[in-house]
Structures are given as structure tokens and as C-alpha cells.
1. In square angstrom, rounded to the nearest 10, how much accessible surface does Asp54 have for a 1.4 Å probe?
2. Using the beta-carbon distance between Asn192 and Gln451 and R0 = 30 Å, what value does 1/(1 + (r/R0)^6) give for FRET efficiency, to the nearest 0.05?
3. In percent, what relative contact order does the chain have, based on Cα pairs under 8 Å that are 6 or more apart in sequence?
4. At a probe radius of 1.4 Å, what is the per-residue accessible area of Glu130, in Å² to the nearest 10?
5. Given 20 °C and 1.002 mPa s, how large is the Stokes-Einstein diffusion coefficient of segment 217-267 in µm²/s, with Rh as the Kirkwood radius over Cα pairs?
6. Sorted by accessible area (1.4 Å probe), largest first, how do Lys76, Lys428 line up?
7. Before I look further, what does segment 134-230 give for accessible area per residue, probe 1.4 Å, in whole square angstrom?
8. Helix-only mean residue ellipticity at 222 nm, the chain, DSSP H runs n ≥ 4 weighted -39,500 (n - 2.57), per residue, nearest 500. What is it?
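The values are calculated or read from the model by the stated rules, or taken from the named source; none is laboratory data. No experiment lies behind these values; they were computed from the predicted model shown. All Cβ positions, even for glycine, are placed from backbone atoms using ideal geometry, and neighbour counts span all protein chains on display. Accessible surface is based on the protein model in full, side chains and every heavy atom, while ligands, DNA and RNA are left aside. Shrake-Rupley method; radii C 1.70, N 1.55, O 1.52, S 1.80 Å.
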Amino acid sequence: MAFAAEGMWTLDNLPTDRLQAAYQFTPTAAWTNRMMQGSARIAGGCSASFISKDGLVMTNHHCASECVDQLSTATKNYMQDGFLARQREQEVRCPEIELNRLELITDVTSQVKDATRGLQGEAFKAAQNEIKATLASACIGKERETVRCDVVDLYHGGRYHLYRYHRFQDTRLVWVPEKDSAFFGGDPDNFNFPRFDLDIALVRAYENGKPAAISHFLPFSKNGAADNELVFVTGHPGSTQRQLTMAQLDTIRDLGLIGGLLELAELRGVLEQFGKSNPEAARISEGTLFGVENSYKAMFGELTALLDPALRERKLAEEAELRRYTAASTALASSVGPAWDAIAAAEQAYRQLEKPYVLIARGRAFNTTYFETARLLVRAARERSLPNGQRLPEFTDGKLPELEQQLFSSAPVYPAFEQVKFGFSLTKLRERLGTDHPLVKQVLGRQSPEQLAAALIGSTRLGDLAVRKALWEGGQAAIERSDDPFIRLALAIDPAARALRKDYEREVESVVERNAELIAQARFAQRGTGDYPDATFTLRLSYGEVKGWEEAGQPVAPFTTLAGAFERDTGVAPFALPASWLAAKPRLNLSQPFNFSTTNDIIGGNSGSPMVNRNGEIVGLIFDGNIHSLGGAFWFDPRLNRAVAVHSGAILETLSVIYGATALVHEIRPD
């Protein structure tokens, strides 16, 4: 009998025996390669897919929303009105979207482990950074503009793989619907089902000024997904914590989630207040507000899961079983046995470091684009003067194209909004560290957070692209000469920030990584490589079925229809359909399936993933999970966890009937 399948599988280690046993389907090498070549990653944190030979790419509206915001103005609000390029000459370049297409996976475990063997602390971290930089640099060669290579940590150090990507940095907006249809139901419906969202965006990859030629793209299915059908999701799940120790999970619960939720709740109030000041403020801040509300709901679900006694008992039992297995093994007991206690000690060390590390080293106290730009410029000037293997990992040669795209972006920056965000984050710095903390005194001096935010943002010139380019090209000398207040602030706190980062790497990160490698050895000895690794924002495949579930004793059907969207429409946000939908209603096939649920195992980062049938044809577009999926960071419950997708038929129906995008429909389905 077919069963709901747990797992986010790397494409070089698919569960072929399980698929054959459950569904009489075995992916061939050609099928798997087509899935790899047809899938894409948005470097900023989403998934996507190539859907035509001319570089057309499908993702979610909320994955392209930053581009839509950046291209919008007070008089052209594409978030509100949507955008459609009826001719390719009208397609507009997104300032900051980089697309990656995976082309090759190479096992480099032996090289990484040989380079770090016998090392601890700072020496371990330095050697690991150097070998990763060396491997990535050799992989890229002289193709920096079109190739990206990342060394990926799988099974928490059990394996290291080198992923080679084709890099597309010229990505242009083709079509997005209005936000009122893409996010119909707003925050109340988010992570819930039934849903009625057209959460889709189409962009196009360009190379040398022309649409990229794509030989392996994913065609649309003629009929779309059907009830109980076997379906696959190929995407880039961001992060899961299913193989962490209990000590690590307790830290996530106590510091990451409880503290994070409190701060997000406050920030949401600040953003809402700013947005109410005038319509332009509302437009400027709505993307950030969406991100805060989405994160709050996701983190609350994760906290609920970690507070669930049943989940805790399950995790404790899993850890105890592996520790007993390790203790009983003469080959593992002495080398691996102490690993759990070492990680627990490192987590306790992190609890002492957490506040200044997060606020200063990671920059949470300086929440403004201007400071992010200043820190990038200050650090790049120093790091680029060092040999590639000795730099901070984010400044190695292979990472520079993405940094340059961010730094030289044409996206607008809004000083009034930046001042509100910056002032709030400075307030949290003073609140969390205390008025008398040396770093608080160094940053604020005798000014209030609001006064400092106003003074710095009122006199910075980092919003000027020419100024940023001059500082980048001028290197350390230009940075030292600069009198920009954000450059001076970044320079002033950089020694403390680097010292905190060193403390974290020495006392926490290196200890956890070294001992996680040992635990991975025990897990491999016990179970082999038949398990999937935790998510790492790399390409994975999950399989499942189109299926609803039972909620409080009542069945939840797996499909909604276009008719249901009109039935749910109240005319008042967030349940107000756009005028384009109301006008097209008489011409729509209202029985067309709209959104649907499946048993696929997904997590944040899978947004924008294609859903395909066994023929490799697109039947849906992942955009969310149900409320039960929020605990999926820590475990998968096949009874309740559901992925939520837009039906491929609804995409074609709305494109054609509501938006009149017949050329795009023909490009997607030429027949």
C-alpha cells in the first residue's frame, strides 16, 4: 500500500527501493538529471524551475516580491496592480535576483576531513574555511561570472559535497498578479488550508543580453494533479533540525524562538504604525511587514512543536538509542561517546555569548540597509587584500559576484523607513545589553537611539551608487578616508564584532561541528546512508501523494476551486479579490482546481518549487504548508503534515482568461 513519505533526498542518493516498493516507480538517471537541470534556486532563499526553452522561470509571488517592490514607485505600484510584459522588450531586470542551476555534485569528504584531522577550535575552523575556499575556487576556475561552487555540509559533517551551479545574474520580471490574488486571505489564511492563492511569479533568465537557452526544462502537464496521484517536489529546503542533539534543540527553543518571537511582535507593531502614517509609507513597508508576520507564525509553530511533550519524548528516545549503540561499540565508544556532552557544553557557552554575538557580530542591533552596506564595504576592503583561503568565507572569490550584485543594486532605499528600523534595533541593543555596557556606550554615546538614527541617516551618502562604487574600488585607503557616518560606525565596532565572532567560532561552532561529525559516524554505523540529511538550502527531492487529512475528526478535502475564491471574497482586505478577477468571473472555468494539499515533506526554502508527476511534468507550484507542517523543522508527521500548491491548470486558466497573457500560455504549453 502506498504511504506518505518522509524525507528531503539529495539527487545522488534517492530512495529508489522505497519508491519501487510503494509506487512501482524507479527514477532513471535521465529522469533525475532532467529534474536537476529543470530546477533552480533563487540565491536569496527560494526555489524555482525552468519552464521553457527560452529561460522562462516559475517561482512564487512572495519569492519575487522584493524585486516587485524594488521596481515599484509611488506612481507605479506593481505589488498592488501586478505586472505583465506583453513583449520581451518590456521585461524589466530585477536588481538583486541571482538564479542558480545545479549541474554537478562531487564528494569531497576525504579532502575536507584530511585538512581538519586532529585539529580543534580556531585551528579547526581556519583549516576548514581554507579547504572549502580552495575547493570552491578550483571548481569555479576562470568562470566566476557564470559558475558558482559551494562546499555543502551534509549529515552535520558526516559528508561534504561540492555543488557546482550555473549562475544567472540577469533575471527579468515577466509577470506577477496583484498581491490581493497572490496572497488572498493574508496573514489569517497563511499556513492554513483551504487556500485560494495565485502565489506565482514568472521571471526570465538572460545571458549576454538574450533569453537564456535552456535545453532541459520542465513542461506543464496537460491535466494537472489528481487525487491520490504520486507527485514529486524538487526544491531547495532551507534548514531543518531533525538530527540535532537535545542540547541544541533546547538552545533553539530558549534563545532563538522565545526571544525571537518577542522581538518580532514588537517590530510588527512598529512597522504597522509606520505604515499607517500615509499610503506611501504603507507601500514601502508592506514587504518587510509580510516577512515579519510570516516569520512570527512559522516560529510560533516551531516553538509549539518543541514544547510538545510527545515530540520531546520521541527526540529523547532517539538520542538515547544512538548513545546506547555508541557505548556498546568498541570502535565508537571512546571516540564518539563524549560528543553529546561536548556539544551540550558548547551550547552552554553560547548562552553566555548569545546577546552580544547576535546584536554586534551578526548585526541585529543595526537593522538598516545603510549599515549592512557599510559593513560589507569595510570588511571587503580588508578581506580582499588577503589570500583567498584566509578570508572570511563570505568574502572568498566565489562569493564576490553575489556581493557585488547586492552592493551595486539599483534598488531604491527609503531614508524615513530606514530610520524607523534603525531606531528600533538600537533600542533593542540598549535594552538587551544594558545602558552601561561598553558597546552600548560606544555606539550611542550620549544620544538616544532615535537621535542617533536620525543623525546618521540624515548625513550618509551610501544611498548613492557612485559613492558605493568609489569605496569598493578604492579599497582600504578609501574606507579610511571616508567620513560617512555609517562607514565610521562600521569601522569603530568591527574589532569588537570580529572578536565576538572569533569567540563564537572557537567556543561554540568549531566544537559543535567537530563533535557533530563524530555523531554522524555513529549514525552511519548504525543506519548507513539510507537516511536523508537535514536540509541545507541545496537541491532535494521529496515524494508523496495528493491527499487531504483529518482535522478534529472531520475530513479536509485536498482541492479547492476557483469558485471557492469568489465564495470567500468579502470585498474587504485581506479577502478582497482584485477587480480583474471580478470582471473575468463569467468567463472562468469555476470548477478548475485552484490550490491543493499533498503529503510531500517540505520546509521554508521550498517556496517556488515545482511539483511534478512521474513523467516529470509540472502539476503544481509549492507555495506553503498547512499549520501542522510548521513542526516539520524537527520531525515529519505523515498523518497531518501537508504541503500546499497552486494547481497547474489554475495557472494556465488565470493567465489566459484573467490576464490575457496568451503568448506566455503558448510558451508554457505550445500545444
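1. Estimated to the nearest 10 Å², Asp54 gives 40 Å².
2. Plugging the Cβ-Cβ distance into 1/(1 + (r/R0)^6) gives 0.10.
3. Here the relative contact order equals 25 percent.
4. Here the residue's solvent-accessible area equals roughly 90 Å².
5. Values: Rh = 15.3 Å.
Estimated via Stokes-Einstein, D reaches 140 µm²/s.
6. My answer, sorted largest first, is Lys76, Lys428.
7. On the way: 3390 Å² over 97 residues.
Per residue, segment 134-230 has 35 Å² of solvent-accessible surface.
8. Values: 26 runs with 307 residues, N = 671.
Only helices count here, giving -14000 deg cm²/dmol.
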